[in-house]
Amino acid sequence: MSRQHIVVAECRDGELRRVTLEAIAAARACMADGDRLAAVLPLDGGADAGAAEALAQRGVDEVIVVDHPVLGRYAPETHVAALLAAATALAPETRWWLGHTAIGRDLAPRLAARLGAGQVSDAIGAARGGDGRIVFTRALHAGKALEQRAFLMDAPAVVTVRPNNFAPAEAIAGAAAPIRSVPFDPPISRVVVRDVVQRVSGTVDLAEARVIIAGGRGVKSAAGFGPLAELAALLGGAVGASRGACDAGYCDYALQIGQTGKTVTPDLYIACGISGAVQHLAGMSRSRVIVAINKDPDAPIFGIADYGIVGDLFEVVPALIAELSGEF
């Protein structure tokens with residue numbers, strides 16, 4: 001029996017988000033022989049048209065484009081309606097895949113409710129078992145425990161995948177899946193987005209960053225984040241912060257990592273002046289390599305760090321910048 005897997009594509013500044021390609025890879029890992037994989041791309045009047053061609057090269061069977069100016073700014077009602085319009089153009093679907101982003105977290109439960117499907121949020125693993133089930137893995141209790149949920153292959157489900165936990169689907173030479181548009185008559189929305197204010201600038205999204213330089217109360221001031229931003233730029237990464245630093249007014253809450261902030265899984269996490277409260281660890285403890293810089297040798301952050309530097313971050317960070325810049 002053929003099953004349909006559908007990946008909801010998400011763009012940022014006209015480019016496909018990396019987590020969309022990771023969702024494609026996750027979906028592939030759960031497909032059986034004969035299953036089909038489609039990608040749905042909500043567009044704003046063709047503004048991101050190049051994204052459709054990029055998706056077509058990633059091993060999907062088909063790309064469905066829902067093109068309407070109203071989709072230029074995210075609004076839950078219109079985007080859910082756009083996805084349901086795409087669903088009618090496909091074979092009966094069994095599984096939807098989204099990135100665990102701000103938009104994905106908002107869309108997934110709405111979509112699951114409309115479809116009468118189960119939902120798995122923030123999956124860090126997905127695999128097809130030999131007993132006709134798909135097993136999803138989630139991290140609990142700051143990564144200290146793992147939960148596994150099993151769904152029957154035919155059971156409808158909506159899944160969000162955590163960024164940086166699946167290898168992104170690579171472009172396949174010669175691949176060119178068919179691209180088609182579907183008609184979309186947007187509903188009358190009760191919510192109108194007048195403007196979007198970007199609180200944090202930067203070329204690297206914190207949730208998808210491969211390298212994160214995070215500062216805590218030990219940074220002491222907003223100016224103290226300057227060297228951290230410089231180090232992040234040298235490493236092609238992003239700047240993050242603990243709640244303590246945000247509460248102190250050193251940076252915007254959009255940078256907060258932790259239980260009440262963002263959950264990240266970078267390849268390299270450098271914690272500068274962060275003590276390591278359990279609430280912060282909940283958001284970054286699954287980072288692949290953790291480096292801690294702190295003057296207090298008894299700081300809890302050293303308990304999970306792969307490498308620790310006991311020292312003043314205002315001396316260590318400039319030394320790292322000098323070394324990476326070739327000025328040491």
- Message: Rounded, prolate or oblate, given the Cα gyration tensor of the chain, with a/c below 1.5 counting as rounded?
- Response: prolate
- Query: For region 35-169, what proportion of DSSP beta bridges, expressed in % and rounded to the nearest 5, is antiparallel?
  - Reply: 45 percent
- Task: Take every DSSP beta bridge whose two residues both sit in the chain, then give the antiparallel share in percent to the nearest 5.
- Result: 25 percent
- Note on the structure: Quick note on Met153, Met284, ordering by fewest other C-beta atoms within 10 Å, gives Met153, Met284
- Query: For Lys144, which lysines qualify as cross-link partners when the Cα separation must be under 28 Å and same-chain residues fewer than eight apart are set aside?
  - Reply: Lys262, Lys295
- Where does the charge balance sit around Ala51 when Lys and Arg score +1, Asp and Glu -1, over other residues with C-beta under 14 Å from its C-beta? -3
- Rounded if a/c is under 1.5, else prolate if a/b beats b/c, else oblate: with a ≥ b ≥ c from the C-alpha gyration tensor eigenvalues square-rooted, which is region 206-325? rounded
- At most 15 other Cβ within 10 Å, DSSP loop - trypsin sites (Lys or Arg not before Pro), region 36-87: Arg73
- When a footprinting reagent is the concern and you count Cβ atoms within 10 Å, what order do Phe314, Phe184 take, fewest first? Phe314, Phe184
- What is the magnitude of the charge dipole of the chain about its Cα centre, with +1 placed on the Cβ of each Lys and Arg, -1 on the Cβ of each Asp and Glu, and no other charges, expressed in debye to the nearest 20? 840 debye
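Where a number appears in this text, it was derived from the coordinates with a stated rule and is not lab data. Model, not experiment: these values are computed from the prediction. Backbone-built Cβ (ideal geometry, glycine too); neighbour counts: all protein chains shown.
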